[in-house]
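Remarks on the structure that follows.
The values are calculated or read from the model by the stated rules, or taken from the named source; none is laboratory data. For clarity, every value in this text was computed on a predicted model and none was experimentally measured. Positions of Cβ are backbone-derived with ideal geometry, glycine not excepted, and every protein chain shown enters the neighbour counts.
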């Protein structure tokens, strides 16, 4: 099992996204810190070097929007250090009854709405994908209790080869990310 130390690039990438989402990073938010995603070969297939998809994935500055109940969302930058595309196809955490991979799309009237992301989050070979408010994100639904600023929670990402990566995410206060669901419900 390889461990990949994540870098601190997400803070700069998130600033424009936060403004686009209708809110700003709250001064009470926990400071951004690099996180380490730990891959596990599990039942995953290996590439020519013996690496699973999870071994080739790094996650930079994972964070979760604080929420008292209901649902919330998780964000961060996913980077693929491998020579082929990989995909995150599902996620779980013990603080939510279910976790969905979501994208944000434009409705016919120009408003933005979120919906499940078919096929998962594809990260191109040698590239990255930023999960951000107003864009792709992990939706944590049916919270089992409050998700409070300054705490951390564990997310387990499953990749298209069946391997998994465990990520520790910091919970932050954040006023944005109040998108609508494609079918009209609220986040």
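For region 106-123, which residues satisfy the criterion of being touching a residue at least 24 places away in the same chain (Cβ under 8 Å) and loosely packed, with under 12 Cβ neighbours inside 10 Å?
Start the filter on region 106-123 by keeping residues that are touching a residue at least 24 places away in the same chain (Cβ under 8 Å), which leaves 107, 111-115, 119-123.
107, 111, 119, listed by residue number.
Considering every residue within region 132-155, establish whether at least one is farther than 23 Å from residue 174 by Cα and more than 10 Å from the chain's Cα centre (by Cα).
In the first step, residues of region 132-155 are kept if they are farther than 23 Å from residue 174 by Cα; the result is none.
No, there is no match, as no residue in region 132-155 is farther than 23 Å from residue 174 by Cα and more than 10 Å from the chain's Cα centre (by Cα).
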Quick check: is even one residue across region 120-136 at pLDDT below 95, under 19 Å from residue 66 (Cβ atoms) and outside any loop (DSSP other than H, G, I, E, B)?
-> no
Hey, residue 176 assigned to a loop (DSSP other than H, G, I, E, B), touching a helix residue (DSSP H, G or I) at 6+ places or on another chain (Cβ under 7 Å), over 14 Å from residue 93 (Cα atoms) and modelled with pLDDT under 95 or not = yes
